[in-house]
Amino acid sequence: MKIAIIGSRGYPYVYSGYETFVKELAERLVLKGVDVHVYCHKNLFHSYPPLVKGINLHYIPTIEKKSLSQLVHSTLCMLHTLGKGYDALLVVNAANGPLGIIPKLAGTKTLINVDGMEWLRPKWKGLGAKYFYFAAKMATKLYDLIITDADAMRMVYLKEFNKDSTVIAYGAPDISSQKFQLNPEWKLENNDFYLIVGRLIPDNNADLLIEGYIKTASSKKLVIVGDVPYADEWASKLKSLKSENIIFLGYVKKEPELMALYQHCFVYLHGHEFGGTNPTMLKAMASNCAILALNTTFNQEMLQNDSFGVFFDKLPSSVTQQMTTLEAQPEKVKQLKAKVGKALTEKYNWDAITESYLSAIKNLTRV
């Protein structure tokens, strides 16, 4: 079986959830005898090996314009696949929905991982939001199989587009036996800080979390990991709140240092609003964090309602109330940390996820 993976930045360029997904899935598919080809953004790489860990790599250029880079790249990748004998194309990102017309006309089987509700994200206002909605709708018409990573996202696609999908979740890292040490330069103590991890964009609600934290007058620190790779007024305003107790670490690129923050925090705060299965939440769960999350259907699904976490409503006062309650109940925090790992069922296991994708591809192609 010969497949191509399109829509990420490439392999092994691990930058975000899509690239981690491609890395974890592609490496496992190769071990199962699949001929895997990953399409990469040429401008992000300094060298261009054609084969890494048995994965065939194709480096395709694109234009250096943020709003068009991915779409142009995916278009060129789709055209490159023509005549290459692929049994199936696995595409990530609903923005690539309209491009499904290319392999459809060529008679190649396709499946697309549509991720979250991009059309609702505040950063995509006006025309951007309309395009993402249109792209998601076109994906349901042009691709042979839609993959959603959460049951709640499956319901979104049923309601919005009258299209069913196959649910295959995102995987959690296996770090249960590993212990990580905090970077001494940060001057942080175990169990003495709250943690936020994610891009500094409105739909991750870091502003709401910070406002709620400030109103608690807590003696614990608040550590924010993440940034945006461009000049942004909203992110700059947020970072201006930096103080002795509100610490912005920016990007933490060394994975052991990031995992140490998860493992040693008092409570992990999760404000992500519009996605499905969230990678940062999975890392928190794998790190045995006590989790305080925004009350959404996606977060409820991951934490099995209130079985493995605590929820806040989209109000600073709700954040304040829940933080105050957790600080007054340290035993409850310990209990949450002790049991949260049990929520990581086979649904979030990369080996099981790989088997699900392999089965889906085989059903499509009959190979």
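If you average the alpha carbon positions of segment 61-96 and of segment 256-305, how far apart do those two centres end up, in angstrom? Value for the Cα centre distance between the two parts: 31 Å. Taking max minus min of the alpha-carbon positions on each principal axis, segment 113-185 gives extents of 50, 29, 18 Å, largest first. Of the cross-linked pairs Lys220/Lys332; Lys215/Lys242; Lys123/Lys254; Lys123/Lys239; Lys283/Lys332; Lys215/Lys342, which ones have a Cα-Cα span greater than 23 Å in the structure shown? Pairs exceeding 23 Å: Lys123/Lys254; Lys215/Lys342.
Restricting the calculation to Cα atoms, segment 184-345 shows an Rg/Rh of 0.92 when the hydrodynamic-style radius is the Kirkwood one. The calculated FRET efficiency for Lys141 paired with Lys342, based on their beta-carbon distance and R0 = 45 Å, is about 0.70.
The C-alpha atoms of the chain define a longest principal axis, and helix 66-81 lies at about 30 degrees to it.
Summing +1 for each Lys or Arg and -1 for each Asp or Glu among the other residues whose beta-carbon sits under 14 angstrom from that of Leu315 gives -2. Each label was represented as a point 7 Å from its Cα along the Cα-to-Cβ direction; for His46 and Lys125 these points are 3.9 nm apart. For the pair segment 111-167 / segment 307-323, the C-alpha centres are spaced 28 Å from each other. A simple charge model with +1 on the Cβ of Lys and Arg, -1 on the Cβ of Asp and Glu and nothing else charged puts the dipole of the chain at about 660 debye relative to its Cα centre. Residues of segment 242-263 falling in the label zone of Trp186, defined by backbone nitrogen less than 16 Å from a point 7 Å along Cα to beta-carbon, are 243-263.
Entry for segment 261-345 at q = 0.12, 0.18, 0.27 Å⁻¹: log10 I(q)/I(0) = -0.29, -0.68, -1.54, Debye formula applied to identical alpha-carbon scatterers, no solvent contribution.
Rank the residues Tyr157, Tyr59, Tyr143 as a footprinting-exposure proxy: fewest other Cβ atoms within 10 Å of their Cβ go first. Walk me through the numbers before you get to the answer.
Working: Tyr157 21, Tyr59 16, Tyr143 25.
Starting with the residue having the fewest Cβ neighbours, the order is Tyr59, Tyr157, Tyr143.
Before anything else, pin down the relative contact order of segment 210-367: Cα pairs under 8 Å, at least 6 apart, normalised by residue count, whole percent.
Taking the mean separation of contacting Cα pairs over the length of segment 210-367, I get 21 percent.
Our compactness index for the chain, the C-alpha radius of gyration over the empirical 2.2 N^0.38 Å, is 1.00.
Just to verify a number: FRET efficiency for Ser240 and Asp174, C-beta to C-beta distance, R0 = 25 Å, to 0.05? List each step's numbers first, then the result.
Values: r = 38 Å, r/R0 = 1.54.
The calculated FRET efficiency here is 0.05.
How charged is the neighbourhood of Val38? Take every other residue with its Cβ under 14 Å from the Cβ of Val38, and add Lys/Arg as +1 and Asp/Glu as -1. Please list the in-between numbers first.
Numbers: positive: Lys2, Arg9, Lys23, Arg28, Lys42, Lys53, Lys84; negative: Glu19, Glu24, Glu27, Asp35.
Counting the neighbours of Val38, the net charge comes to +3.
Against the longest alpha carbon principal axis of the chain, how many degrees, from 0 to 90 and to the nearest 10, is the axis of helix 17-31 turned? Around 50 degrees separate the two axes. With K and R counted +1 and D and E -1, the other residues having a Cβ less than 10 Å from that of Asp144 yield a net charge of +2.
In the chain, a dipole from Cβ-located charges (positive for Lys and Arg, negative for Asp and Glu) runs towards its positive end, and of Ala172, Ile210, Gly85 it is Gly85 whose Cα lies farthest in that direction.
Applying a DSSP loop filter and a limit of 10 other Cβ atoms within 10 Å to the GluC sites (Glu not before Pro) in segment 203-248 leaves Glu244.
Between the helical axis of 151-161 and the longest alpha-carbon principal axis of the chain there is an angle of about 60 degrees. Among Phe266, Met138, Ile224, which residue has its Cα positioned farthest towards the positive end of the charge dipole of the chain, with +1 placed on the Cβ of Lys and Arg, -1 on the Cβ of Asp and Glu, and the dipole taken about the Cα centre? In the chain, that residue is Met138. Each of Ser243, Leu25, Gln70 was placed along the dipole of the chain (beta-carbon charges, centred on the mean Cα), and the one lying farthest toward the positive end is Gln70.
Laboratory data are not the source of any read-out in this text; all were calculated from the coordinates shown. All values derive from a computational prediction rather than experimental measurement. So basically every Cβ, Gly included, is an ideal-geometry build from the backbone, and we count neighbours across all protein chains shown.
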